[in-house]
Every structure is written in C-alpha cells, then in structure tokens.
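These notes are about the structure you will find just below.
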Amino acid sequence: MSNASLDAIAAKSDQPFPGAPNNWRRFFSFSTDHKVIGIQYMVTAFVFFLIGGLLAMVMRGELITPEADLVDRTVYNALFTMHGTIMLFMWTFPMLNGLSNYLVPLMIGARDMAFPRLNAAAFWLVPVFGTLLMASFFVPGGPSQSGWWAYPPVSLQNPTGNLINGQVLWLLAVALSGVSSIMGAVNFVTTIFRMRAPGMGWFRMPAFCWTVLSAQMIQLFGLPSLTAGAVMLLLDLTAGTSFFDPAKGGDPVLYQHFFWFYSHPAVYVIILPIFGTFSEVFPVYARKPLFGYRFVVVSSVIITVLSAMVWVHHMFASGTPSWMRMLFMFSTMLISVPTGVKVFAWVATVWGGKLRLDTPMLFALGGLVCFLFAGITGVMLGAVPFDIHVNNTYFVVGHFHYVIYGATVMGIYAAIYHWFPKMTGHMYYEGLGKLHFALTFIGVNLNFFPMHPLGLMGMPRRVSSYDPEFAYWNVIASLGGFLLGVSTLPFILNIVSSWVLGKRAPANPWNAIGLEWLIPSPPPVENFEEIPIVVSGPYGYGSNESLVSNNPAGELISEHS
C-alpha cells in the first residue's frame, strides 16, 4: 500500500521562524512550528494539572474524617466539579494533544502539521477557556457545582439570578474546548493521511500514529454531540429554551445521551495514545519487535468503531429500557476483545526480552499493571446487575481513576521521559526519575484502590461527610492522595534542572528505531534536512534492516553530536 505526500510540504516553507531550537522565547509566541506548539500544550496542561491536583488534595483533606469540617458543603461541590473538569479538559486532552503535536510529524517524516496556523489557533484557545474556568471562582455564587457531567436539572439551577454565573462560564469553556479539539482533529487526520514520508505505507507507520489517528477520528464524530449538548444547555440556562428542563417539558435524559455519546468514547481518545506510547516504549526497552504489530494497530481501529456503541452503559440507572441495557452490556463487553489483543501483544513483547528498567519503561510497566486492574473492574461495571449495584458509588470513582491516573498519567510520564532528550537536547536524571516512579506507583494504589471496597460497602460519591464505618479506607486513600501530590516534586525538579543543566543528549540515546531518532536532539526547525524514504517496518529490533534509504539529517547529526 502506498502513501501520498503533499509536495508543497516536502519542500522547505518560506514562513518566518522566531529563532533556532535553542531560542526559548519562541514558546511565548504565536509559533506555527508543531514542536513549539506541542511543548506549549504540555507546559500549559501541566500547570492546570497542578491546580486540579491541589483541589483534589483539599477534597482528600476533607474526607480524612467522617465529618464535613474543612470546607463548606457548597465549596466541596465546586471542588469536585472543577477538579474533574480541569483534569479532563485542561490537563489530559491538552497534554495528549501536545505529545501528538510534537511526535506525529516527526514519526511520519513530515516537516510540520498540514495546517500550521490552524494548529496554533487551536492551542491558543486552551488558555482562553482555561481562563474562563478559573474566572468562575470569582463570580457571585462561585464555580459550577453540578459535577463534570453537568446533568440537568441540577445544572439549570441559578440561585444567584446573575446572567454571568459559574455554570454559564463552565458551559462556555466546554463548548470552546470542543471547538479547539475539532480543529486539532481535522489537522491530525489530514496530516497522517496526506503527509507520510515516501515508502511509509499504512503498515509501516508507527503504532503511536495509528492510535492518534484512531483517537482523532473519535473526536470528529463524537465531539459535535457534546458541543451541541453544551450549547443547548447554555440556551436553557440563559435564553429560556426548554431542551432539557423537565419543568418546561424538556427531557433531561436527552442531555445524558448527548453527553455520553462523546464522553464515553472520550475515554478512548485519552487511552489510545497511551496504548501507542506503550507500543513504542516496550520494544525499545525490551529490545524486541512489537509482537503482532498488525493486530495491534487494527485493534485501535476496531476500538474506534466500537466506542460509538457503548455510551448507554453510563445510563443503566437512568430509566433505560431493558432491551437497551442488554444491547449495550454486550457491546461494552465486546470492546474488551481488541483491548485484550493489545495487552497480550505488550506482554509477549516484554516476555523474554533484554529488559532495561529505565524510567520510561518503569512508568510504562506501572501504567500497564494499572490498566489491567482497571480493565477487570471495567468489565464488571459493564454488566448491568453489578453496575446497578454500585451505581454512583466510590467503586466507579476508583475504576475511573485507575484508567485516568494509573494508566493514563503514568503513560504520559513514560512518554515524557522517553522523548525528553529528543525534545530538549538534554538527558534527565535517572535517579530522580525512579524516585518519581516509586512515589507515583505507591500513591496511585494507596489513593485509588481503597475506593473499590468503599464502593462495594455502599459509600456514595460526591459527599463531604460519611458514616464512620467508611473512615478506615478513606484515611488510606487520603494519605495516598497526599503522596501523589508530593510525587510531582521530584518530577518538576528533574525536568527543570535537566532542561537547564542536564548532560547533552545525542540524537538517539536509547538506540531506538524511528524517524525521530535519525535527526538531532532537539530537532531543527523543519525537522528533516531531506525527507526520509522509508524502506522497512517500524520495529526492526534484532534485524539489520535499515529503516530508510537516505540520510534525513544530512550533515546535521555530525554538527550536533
């Protein structure tokens, strides 16, 4: 199978660039360089990660005792609403967009994204809707208190009577986030379809790019639903319409369909690039080809298709008809098959390999362990009788956080450490990296495992006070939450000090296979001196096959090494 490249992109562009790769000022400019935009996304997202994490630590401080004795109950409602919103819309999605922005053009042999200015515009919407969310802390009545679902009729309440209130700002932010993500998705899909290097057929493309393509396809078909639901809810709240207001004849369950049609597939938008990271990291540090490469990449596409058929399993307790419950229980179970194919391939890749337990590998293995546990509890939640039993309890919260923090955040850390030398031109400090991993892995399990027995015991989510019989597991979870907060300190110290003072990184410090490792660290402005011509598959560990037939770096490697 052949691929097509845009001739116009293959040639160097004439657009001005705000300086060389070592010019830090470009990170504060309206740059159209995908690498600059990628790092802008990642740094912005990490700032919001710290804010969302601080809100979580206040919540865990409240829950360390059964009584509500730290913050007011309405403040607690705002805390869990803003924590969930920030962690999803301001941390996870922007961070993954950043990684994908940085890596995809390099991995497919392109000089930039297909639409560089659209790419920059999509990023600069992030601080805009981030500011809207933060501004909601300062309006009368404070931020939204309806949870990150914003289910009506709770989200339609406006006790202050002000037109500009926390819920309105929340809806505006979510709608803008949807617009930004759709702009990004158009760009990613076009770039991968049209700008792969000569010779890079579909089955010579790295698994990470397959997962980004699959995730962005979900964004294209799913996000319009969420964005439309947010706009309709905004009209109900501000213009007196009655799409979802039951007091005026609206249907609140309709909103749930709009919300979950996107927001369950959104989990795959998040986890698919992490699957791609695992598929890149395991072969490098096990020194083996990715087992079952074609099955792994095709399973990403199957997950994309099936992800559009599972949203109702979030609504088993919303008066859903029995036939619909059975149908969506079956489709939810079915999606575990392609996911299981991936897990089997990763285990087979690592099995018998010459393992090198550097920080990226430790985070990838830790993330895989957490994902396995989350997968088991996910299958349990897919079953209607069990889901009804634990609906809206801490069991659901625990399962979700094993996916979002245990697998996703640890996968993000694996990616950051793995490609940090490429991005910055400096090596990180391995000792600090391993300390970061140990604190994170212990913190994740202390924080989120206790939520499972709490849920089975019947503790509801989103409460600031609880029966004393739940105190034991809550104390452990809170200690784990504080440990997770502490775990970010060695990461920040490592990244900042390494970027400023770390040892210079060679072009390929891990002896990895991939187009991004054929060029200097950090890459030059237009990535490749000469567009690479790909002649073999992406995971030729143990073979003497060359990946390309030319030298994409020209003389740059010798100049920078």
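May I ask you to list the residues in the range 438-447 that are open to solvent by less than 10 Å² (accessible area, probe 1.4 Å) and of a type in the set (Phe, Trp, Tyr)?
None; the set is empty.
From the residues in the range 122-152 that are β-branched (Val, Ile, Thr) and either touching a residue at least 24 places away in the same chain (Cβ under 8 Å) or part of a loop (DSSP other than H, G, I, E, B) (or both), which one is surrounded by the most Cβ atoms within 10 Å (Cβ to Cβ)? Talk me through it step by step, then tell me what you get.
Of the range 122-152, the ones β-branched (Val, Ile, Thr) are 126, 128, 131, 139.
When the remaining residues are screened for being either touching a residue at least 24 places away in the same chain (Cβ under 8 Å) or part of a loop (DSSP other than H, G, I, E, B) (or both), the result is 126, 128, 139.
Working: Val126: 24, Val128: 13, Val139: 16.
Within the range 122-152, the match that is surrounded by the most Cβ atoms within 10 Å (Cβ to Cβ) is Val126.
Taking the condition open to solvent by 30 Å² or more (accessible area, probe 1.4 Å), in contact (Cβ under 8 Å) with a residue 40 or more places away in the chain and either out of contact with any His (no Cβ under 7 Å at 6 or more places or on another chain) or among the acidic types (Asp, Glu) (or both), does Leu435 pass?
Details: open to solvent by 30 Å² or more (accessible area, probe 1.4 Å): yes; in contact (Cβ under 8 Å) with a residue 40 or more places away in the chain: yes; either out of contact with any His (no Cβ under 7 Å at 6 or more places or on another chain) or among the acidic types (Asp, Glu) (or both): yes.
Considered against the rule, which asks whether it is open to solvent by 30 Å² or more (accessible area, probe 1.4 Å), in contact (Cβ under 8 Å) with a residue 40 or more places away in the chain and either out of contact with any His (no Cβ under 7 Å at 6 or more places or on another chain) or among the acidic types (Asp, Glu) (or both), Leu435 comes out as yes.
With the checklist (1) open to solvent by less than 30 Å² (accessible area, probe 1.4 Å); (2) part of a helix (DSSP H, G or I) in hand, flag the one item Met113 doesn't pass.
(2)
More than 28 Å from Met57 (Cβ to Cβ) and either without any contact (Cβ under 8 Å) to a residue 60 or more places away in the chain or over 19 Å from the mean Cα position of the chain (by Cα) (or both) - does that describe any residue in the range 90-106? Working first, answer last.
In the first step, residues of the range 90-106 are kept if they are more than 28 Å from Met57 (Cβ to Cβ); the result is 100-106.
Next cut, either without any contact (Cβ under 8 Å) to a residue 60 or more places away in the chain or over 19 Å from the mean Cα position of the chain (by Cα) (or both) only: 106.
Checked against the condition, which is being more than 28 Å from Met57 (Cβ to Cβ) and either without any contact (Cβ under 8 Å) to a residue 60 or more places away in the chain or over 19 Å from the mean Cα position of the chain (by Cα) (or both), the range 90-106 yields at least one hit.
Could you please find all residues in the range 352-368 being assigned to a helix (DSSP H, G or I) and either among the charged types (D, E, K, R) or in contact (Cβ under 8 Å) with a residue 40 or more places away in the chain (or both)? Step through it out loud before you land on a result.
Initial filter on the range 352-368 (assigned to a helix (DSSP H, G or I)): 359-368.
Thr359, Pro360, Met361, Leu362, Phe363, Ala364, Gly366, Gly367, Leu368 - these are the residues of the range 352-368 that are assigned to a helix (DSSP H, G or I) and either among the charged types (D, E, K, R) or in contact (Cβ under 8 Å) with a residue 40 or more places away in the chain (or both).
Out of all the residues in the range 344-363, is one or more among the small types (Gly, Ala, Ser) and modelled with pLDDT of 95 or more?
Yes: the range 344-363 contains one or more residues that are among the small types (Gly, Ala, Ser) and modelled with pLDDT of 95 or more.
Please determine, by comparing only the residues of the range 270-289 that are open to solvent by 10 Å² or more (accessible area, probe 1.4 Å) and in contact with a helix residue (DSSP H, G or I) (Cβ under 8 Å, 6 or more places away or on another chain), which one is nearest to Tyr151 (Cα to Cα).
Step one: of the range 270-289, the residues open to solvent by 10 Å² or more (accessible area, probe 1.4 Å) are 280, 287-289.
Those left that are additionally in contact with a helix residue (DSSP H, G or I) (Cβ under 8 Å, 6 or more places away or on another chain): 280, 288-289.
Numbers: Glu280: 39, Lys288: 48, Pro289: 46 Å.
My answer is Glu280.
Considering (1) under 18 Å from Leu176 (Cα atoms); (2) touching a helix residue (DSSP H, G or I) at 6+ places or on another chain (Cβ under 6 Å), say which one Leu106 fails and leave the rest.
Of (1) under 18 Å from Leu176 (Cα atoms); (2) touching a helix residue (DSSP H, G or I) at 6+ places or on another chain (Cβ under 6 Å), only one is false for Leu106: (1).
Residue-by-condition table, conditions (1) more than 15 Å from the chain's Cα centre (by Cα); (2) modelled with pLDDT of 95 or more; (3) open to solvent by less than 30 Å² (accessible area, probe 1.4 Å):
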{"residue": "Val154", "(1), (2), (3)": "yes, no, no"}
{"residue": "Asn165", "(1), (2), (3)": "yes, no, yes"}
{"residue": "Ala175", "(1), (2), (3)": "yes, no, yes"}
{"residue": "Val186", "(1), (2), (3)": "yes, yes, no"}
{"residue": "Ala197", "(1), (2), (3)": "yes, yes, yes"}
{"residue": "Pro206", "(1), (2), (3)": "yes, yes, yes"}
{"residue": "Val212", "(1), (2), (3)": "no, yes, yes"}
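Can you confirm whether Leu118 is part of a helix (DSSP H, G or I), surrounded by fewer than 17 Cβ atoms within 10 Å (Cβ to Cβ), modelled with pLDDT of 95 or more and over 19 Å from the mean Cα position of the chain (by Cα)?
Values: part of a helix (DSSP H, G or I): yes; surrounded by fewer than 17 Cβ atoms within 10 Å (Cβ to Cβ): yes; modelled with pLDDT of 95 or more: yes; over 19 Å from the mean Cα position of the chain (by Cα): yes.
So Leu118 passes the test.
Do you know which residues across the range 400-419 are open to solvent by 10 Å² or more (accessible area, probe 1.4 Å) and within 20 Å of Trp517 (Cα to Cα)?
Going residue by residue through the range 400-419, those that are open to solvent by 10 Å² or more (accessible area, probe 1.4 Å) are 400-401, 403-405, 416.
Passing the criteria: only Ile416.
Cβ-Cβ below 6 Å, separation at least six or inter-chain, first residue in the range 491-518 and closer than 15 Å to Ile416 by Cβ, second open to solvent by less than 30 Å² (accessible area, probe 1.4 Å) and among the aromatic types (Phe, Trp, Tyr): which pairs?
Close Cβ pairs satisfying both conditions: Asn494/Tyr428; Ser498/Tyr428.
Return yes or no: is Ala239 over 23 Å from the mean Cα position of the chain (by Cα) and more than 30 Å from Gln167 (Cα to Cα)?
Values: over 23 Å from the mean Cα position of the chain (by Cα): yes; more than 30 Å from Gln167 (Cα to Cα): no.
Spelling it out, it is not the case that Ala239 is over 23 Å from the mean Cα position of the chain (by Cα) and more than 30 Å from Gln167 (Cα to Cα).
Just the residues that are touching a Leu at 6+ places or on another chain (Cβ under 9 Å) and among the polar types (S, T, N, Q), please, taken from the range 392-420.
Listed by number, the residues that qualify are Thr393, Thr408.
Kindly establish whether Met95 is farther than 17 Å from Leu237 by Cα and surrounded by fewer than 23 Cβ atoms within 10 Å (Cβ to Cβ).
Details: farther than 17 Å from Leu237 by Cα: yes; surrounded by fewer than 23 Cβ atoms within 10 Å (Cβ to Cβ): no.
So Met95 fails the test.
If Lys434 satisfies all but one of (1) outside any helix (DSSP H, G or I); (2) among the basic types (Lys, Arg); (3) on the phi < 0 side of the Ramachandran plot, what's the number of the condition it fails?
Going through the list (1) outside any helix (DSSP H, G or I); (2) among the basic types (Lys, Arg); (3) on the phi < 0 side of the Ramachandran plot, Lys434 breaks only (1).
Out of all the residues in the range 54-73, is one or more touching a residue at least 12 places away in the same chain (Cβ under 8 Å), within 21 Å of the chain's Cα centre (by Cα) and closer than 30 Å to Ala507 by Cα?
no
So is Arg73 open to solvent by 10 Å² or more (accessible area, probe 1.4 Å), of a type in the set (Lys, Arg) and modelled with pLDDT under 95 or not? Write out each step before concluding.
On the way: open to solvent by 10 Å² or more (accessible area, probe 1.4 Å): yes; of a type in the set (Lys, Arg): yes; modelled with pLDDT under 95: yes.
So Arg73 passes the test.
The values are calculated or read from the model by the stated rules, or taken from the named source; none is laboratory data. Remember, it's a predicted structure, so these values are computed and weren't measured experimentally. Every residue, glycine among them, receives a Cβ derived from its backbone with ideal geometry; neighbour counts consider all protein chains shown. When the accessible area is computed, the model is the full protein with side chains, heavy atoms only, and any ligands, DNA or RNA have been set aside. Shrake-Rupley method; radii C 1.70, N 1.55, O 1.52, S 1.80 Å.
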